[in-house]
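Worksheet: the structure to be examined is printed underneath.
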Amino acid sequence: MQVEIPLYTGGRSTASAPRRRAELTRSEAELARAELELRQGAQSLWEEIEVLRASRDEARTRVDYRELYLDRSRTLYEMEGTRIWATPWWCRRRHACARLNSSTNCC
């Protein structure tokens, strides 16, 4: 059996330690950069989602308003044929005053 123990490594062991530290530092920097990119991407997506939600709410509000306005327009159109809207405004005023208490001098 023979055992060899080198008495001199030629500086190979002392040079490999700084190289390994440099590789570790580089890997940590790449990991930090990748994490930052992921965070920025997630933030950007979250902001886009919020903008789209606001647009959706705005669109819903506009649809609701349009439906209400359409109902109003239909009601006014239907009321055009009724007696009260077919009469002139001064006649409607007389009818309203007649319904009030006679003590008020409305007309």
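The values are calculated or read from the model by the stated rules, or taken from the named source; none is laboratory data. Note that this is a predicted model, so its numbers are computed, not measured. Backbone-built Cβ (ideal geometry, glycine too); neighbour counts: all protein chains shown.
Every residue in the stretch 46-62 that is more than 11 Å from the chain's Cα centre (by Cα) and of a type in the set (A, V, I, L, M, F, W, C), please.
At the first step, the residues of the stretch 46-62 found to be more than 11 Å from the chain's Cα centre (by Cα) are 59-62.
Of everything in the stretch 46-62, just one residue is more than 11 Å from the chain's Cα centre (by Cα) and of a type in the set (A, V, I, L, M, F, W, C), namely ALA59.
Residues that are modelled with pLDDT of 95 or more and surrounded by 10 or more Cβ atoms within 10 Å (Cβ to Cβ): find the helices (runs of 4 or more DSSP H) completely inside the stretch 1-106 holding 2 or more of those.
On the way: elements: 12-80, 83-86, 89-99.
In the stretch 1-106, the matching helices (runs of 4 or more DSSP H) lie at 12-80.
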